[in-house]
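K.L.:
One structure, pasted below without further comment.
The values are calculated or read from the model by the stated rules, or taken from the named source; none is laboratory data. Small disclaimer: the values here were computed from a predicted structure and weren't measured. FYI the Cβ positions are ideal-geometry reconstructions off the backbone, even for glycines, and counts take in every protein chain you see.
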Amino acid sequence: MPRKIQLSKTRPSQVRPVSVAAINRAPIHPGSLLSTADLSVDDLCSLLQLADVLEVEDPLRRDKRLLKRRISLLFYESSTRTRTSFELAAKALGADTSLVSAQSSSIEKGESLKDTGITLRSLGAECIILRSPFSGAPYLLAETTGLPILNAGDGMHEHPSQALLDLRTILNHLKSGPKVTEKTLAGVTVTICGDIFHSRVARSNALLLPQLGVRVILCGPPPLLPEAATRLVSGIEIERNFDRALAQSDVVMMLRIQAERLAGLSLDLEEYKTRYQANVERIASYAPKALIMHPGPIIRGLEITSEVADGPQSAIADQVRNGVAIRMALILRALTPTESANRKSGVKVGKRDS
Ligand code: MLT
């Protein structure tokens with residue numbers, strides 16, 4: 001009997017998209033990061049270079065940068081990597097952090113996002129890191145609090161800090177030397193394979209990577225990758241045959257099937273594995289040199305086998321490590337105007353030597 005995933009018949013309320021255009025009226029604090037589409041190539045260079053500086057800085061010096069500044073982590077959804085690395089990053093800069101999660105706060109009693117944000121601001125929060133099941137929620141929080149908001153994943157919309165750490169991972173593996181420009185990753189092909197439709201990681205990467213010249217191929221079955229995905233960014237391609245996509249790829253990003261967002265969709269998992277699983281035979285045959293990435297959580301034996309996830313081509317552990325450096329840079333940028341952050345660290349905007 002083939003294994004199948006089948007979830008609720010109705011689309012759960014948490015995947016209801018919020019109209020960003022409808023709520024995005026008040027000014028957004030310039031230290032916010034809500035979407036990778038908001039970052040210019042110069043912004044990318046500054047952030048990457050700041051991450052490089054902060055990663056190797058003397059911890060005793062680094063933790064004076066944001067000494068006792070207050071950062072709230074507001075997490076309405078589960079998280080391991082993102083939450084821990086944002087927290088470690090804030091602490092490494094000397095900031096005080098407080099975690100508010102849906103299960104143990106007044107959110108459980110029905111408090112709105114707006115009121116929760118205003119409460120955190122009254123308690124002295126200077127920046128809020130938000131993970132929400134609602135697409136667009138960070139825009140609402142940014143508008144209602146006026147604080148810098150870092151989007152730690154909003155519904156099916158975006159996960160910008162993940163795309164930045166993915167970019168740092170790719171650069172560290174493929175390009176040690178050249179400065180980051182619009183052409184830095186020209187000639188590099190990245191395939192993103194799996195549940196593209198529900199993936200905020202796919203969307204943030206698809207918006208970010210082409211800025212540095214990457215050719216992005218999306219791969220997956222029609223229910224998880226509608227044709228409309230090509231309209232996301234110009235030049236983006238769909239290849240339904242994973243083997244053909246692999247044969248063209250320098251980097252392969254595997255995604256898990258987001259069972260919590262499938263909303264009645266039924267998938268034959270055995271067939272899915274046959275067509276889309278990253279396993280040793282397939283990778284050895286079609287992409288023996290490609291870098292294998294995954295944002296986690298990994299469902300071993302489904303979209304990727306343990307041999308590939310733990311194998312020599314895997315950059316998954318590097319992705320997690322890069323999360324702390326990137327998130328330090330984002331938090332510092334959020335709490336200090338970009339120019340002064342760059343001056344302090346000696347960063348010249350628009351240049352990255354590695
Ligand atoms: C996310 O938060 O979107 C994760 O990093 C990817 C996933 O949940 O599959």
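K.L.:
Please give the number of the condition A90 fails out of (1) within 15 Å of the ligand (Cβ to nearest atom); (2) in a helix (DSSP H, G or I).
P.N.:
Evaluating A90 over (1) within 15 Å of the ligand (Cβ to nearest atom); (2) in a helix (DSSP H, G or I) leaves (1) as the failure.
K.L.:
Which count do you get for residues in segment 160-183 that are surrounded by fewer than 24 Cβ atoms within 10 Å (Cβ to Cβ) and assigned to a loop (DSSP other than H, G, I, E, B)?
P.N.:
Counting residues in segment 160-183 that are surrounded by fewer than 24 Cβ atoms within 10 Å (Cβ to Cβ) and assigned to a loop (DSSP other than H, G, I, E, B) gives 8.
K.L.:
Right, next: Going through segment 189-234 one residue at a time, which ones are of a type in the set (V, I, T), in contact with a Ser or Thr (Cβ under 9 Å, 6 or more places away or on another chain) and more than 21 Å from E260 (Cα to Cα)?
P.N.:
Within segment 189-234, T189, V190, T191, V214, V216, I217 qualify.
K.L.:
List every residue pair whose Cβ atoms sit under 6 Å apart, with the two residues 6 or more apart in sequence or on different chains, where the first one lies in segment 99-111 and is assigned to a strand (DSSP E or B) and the second, anywhere, is among the aromatic types (F, W, Y).
P.N.:
Listed pairs, sorted by first residue: S101/F75.
K.L.:
Counting just the residues of segment 195-252 that are over 23 Å from S40 (Cα atoms) and among the small types (G, A, S), which one comes out farthest from the chain's Cα centre (by Cα)?
P.N.:
The extreme case among them is A247.
K.L.:
So, one more: All but one of (1) within 22 Å of L267 (Cα to Cα); (2) part of a helix (DSSP H, G or I) hold for L207, so report the exception by its number.
P.N.:
Unmet condition: (1).
K.L.:
Quick check on segment 245-285: of everything there that is in a strand (DSSP E or B) and more than 16 Å from the ligand (Cβ to nearest atom), which residue is nearest to D166 (Cα to Cα)?
P.N.:
It comes out as V251.
K.L.:
Cβ contacts < 9 Å: first residue without any contact (Cβ under 8 Å) to a residue 12 or more places away in the chain and of a type in the set (G, A, S), restricted to segment 65-87; second residue assigned to a strand (DSSP E or B) and within 16 Å of the ligand (Cβ to nearest atom), any location; separation 6+ or different chain. Result?
P.N.:
S78/S101; S78/R131
K.L.:
Are there any pairs with C-beta distances below 7 angstrom linking a residue in segment 284-295 that is in the same structural domain as M253 (by TED's automatic domain parsing) and farther than 20 Å from R168 by Cβ to a residue that is within 16 Å of the ligand (Cβ to nearest atom) and modelled with pLDDT of 95 or more, with the two at least 6 apart or on different chains, and if so which?
P.N.:
Sorted first by the residue in segment 284-295, then by its partner, the pairs are A287/V252.
K.L.:
When E143 is evaluated against the numbered criteria (1) more than 16 Å from the ligand (Cβ to nearest atom); (2) farther than 20 Å from L48 by Cβ; (3) assigned to a loop (DSSP other than H, G, I, E, B); (4) of a type in the set (D, E, K, R), which criterion, by number, is the only one it fails?
P.N.:
E143 satisfies every listed condition except (3).
K.L.:
Please go through segment 111-135 and give me each residue that is of a type outside the set (D, E, K, R), within 16 Å of the ligand (Cβ to nearest atom) and in contact with a Gly (Cβ under 8 Å, 6 or more places away or on another chain), ordered by number.
P.N.:
Selection gives S132, P133, F134, S135.
K.L.:
Output the qualifying pairs, or none if there are none: Cβ atoms under 7 angstrom, residues six or more apart or on different chains, first residue in segment 313-333 and in the same structural domain as D63 (by TED's automatic domain parsing), second residue charged (D, E, K, R) and outside any helix (DSSP H, G or I).
P.N.:
L332/R65
K.L.:
Every residue in segment 187-241 that is charged (D, E, K, R) and surrounded by fewer than 20 Cβ atoms within 10 Å (Cβ to Cβ), please.
P.N.:
R215, E227, R231, E237, E239, R240, listed by residue number.
K.L.:
Now a separate question. Only one of (1) modelled with pLDDT of 95 or more; (2) within 15 Å of the ligand (Cβ to nearest atom); (3) surrounded by fewer than 18 Cβ atoms within 10 Å (Cβ to Cβ) fails for E307. Which number is that?
P.N.:
Result: E307 fails condition (2) only.
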